[in-house]
Structures are given as C-alpha cells and as structure tokens.
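Data block below; observations after.
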Amino acid sequence: MTSGLTREFALSAVLMVTGAVLNAVATLALLPSKEGAGHEAIFTRYADSGAWVAGHLVQFAGILLGLAGLFVLARALRPEAPLLAARAGAGAVATAAIWALAQAVDGVALKQAVDAWVDAPPAEETTRFGNAETVLWTVWGVQASPTPCTA
C-alpha cells in the first residue's frame with residue numbers, strides 16, 4: 001500500500017470518528033432530552049434551550065465531517081472500485097443535502113415554532129401549539145422515522 005493511500009485511509013478514519021464524536025457531544029451536551037410526558041413538556045424544554053440552534057449546527061458539522069471521511073475513502077478506493085467509489089461519493093453528497101434539510105427543519109423551524117407557542121397570547125396558544133406539532137411531524141417525515149421519538 002502506498003503511503004499516499006495510507007494517508008487517505010487515515011484521514012478518512014479521523015474525519016469519520018471526529019464527526020461521530022462531535023455529533024454525539026452535541027446531541028448529549030447541547031440539546032435537551034426528547035424524553036418527556038408529551039409534546040407540551042418537550043416543547044417547553046426546547047423553548048427554554050439557549051443552545052438549540054447551535055446544537056443542531058454542531059450536529060450538522062459532525063455529520064459533514066463524517067461524510068467528508070466517506071468521500072475521502074471513496075476517492076482512495078476509486079482506482080480499485082470506481083463504480084463503488086462513485087456511488088459512495090454521490091451517496092455522501094445526497095446524505096449531506098438531506099441532513100441539511102433535516103437540521104434546518106428541526107434546528108431552526110421547530111425552535112421558531114415552539115418559541116412562538118411559548119410567547120403567544122392566550123387566544124393564540126392552541127393554534128401555535130398545533131403549528132409546533134406540524135413542524136415536529138415534518139421533522140419526523142424528513143428523517144423518515146418509522147417510530148418517531150417521543151417528542
């Protein structure tokens with residue numbers, strides 16, 4: 001194995017592991033738990049979170065690092081398996097686009113919806129809560145979650 005190829009494999013591994021660790025840290029340290037007694041309790045936690053948007057940006061950065069590792073691995077494998085490398089590279093790009101959408105809906109749109117619910121005058125609370133649930137269900141749809149989280 002050439003030293004250039006060894007470096008590409010090492011870089012790929014470092015990117016993937018770093019991305020996974022960054023994503024895990026953001027999920028566990030920056031974002032409130034999704035466990036709860038229902039949407040009202042969970043939405044209140046989300047609204048109270050000052051790190052909600054930042055946590056999702058850090059998660060996205062972690063995912064992008066991991067996907068960059070996959071992309072580097074695909075480039076390293078291109079001479080031996082060009083079709084596999086092309087598909088892996090295309091898959092990494094498509095996955096990044098889908099994650100961007102998921103993080104935008106969950107990290108930005110849902111935060112805006114729960115903040116609007118918390119700040120709503122009493123006459124608008126029910127409508128704003130319904131809006132927040134709609135955004136939450138959109139998150140589940142974008143994530144293609146067959147068994148959505150308890151949020």
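Here is how the numbers come out for the structure above:
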item: Selected residue [in contact with an Asp or Glu (Cβ under 8 Å, 6 or more places away or on another chain), of a type in the set (Gly, Ala, Ser) and at pLDDT 90 or above] from Ala100, Ala47; result: Ala47
item: Residue within region 66-76 that is surrounded by fewer than 19 Cβ atoms within 10 Å (Cβ to Cβ), among the basic types (Lys, Arg) and at pLDDT below 90 present; result: yes
item: Filter pass, Leu83 being surrounded by fewer than 20 Cβ atoms within 10 Å (Cβ to Cβ), in contact with a helix residue (DSSP H, G or I) (Cβ under 6 Å, 6 or more places away or on another chain) and modelled with pLDDT under 95; result: no
item: Set Val108, Val135, Val53, Val118: member being surrounded by 13 or more Cβ atoms within 10 Å (Cβ to Cβ), in contact (Cβ under 8 Å) with a residue 40 or more places away in the chain and more than 14 Å from the chain's Cα centre (by Cα); result: Val118
item: Members of region 89-104 that are aliphatic (A, V, I, L, M) and buried (at least 19 other Cβ atoms within 10 Å of the Cβ); result: Ala92, Ala102
item: Boolean, Ala47 is surrounded by 15 or more Cβ atoms within 10 Å (Cβ to Cβ), more than 18 Å from the chain's Cα centre (by Cα), not in a loop (DSSP other than H, G, I, E, B) and not acidic (Asp, Glu); result: yes
item: Options Ala37, Ala13, Ala41; residue that is over 16 Å from the mean Cα position of the chain (by Cα), loosely packed, with under 15 Cβ neighbours inside 10 Å and modelled with pLDDT of 90 or more; result: Ala13
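The values are calculated or read from the model by the stated rules, or taken from the named source; none is laboratory data. This is a predicted model, so every value here is computed, not measured. We place every Cβ from the backbone using ideal geometry, glycine too, and count neighbours over all the protein chains shown.
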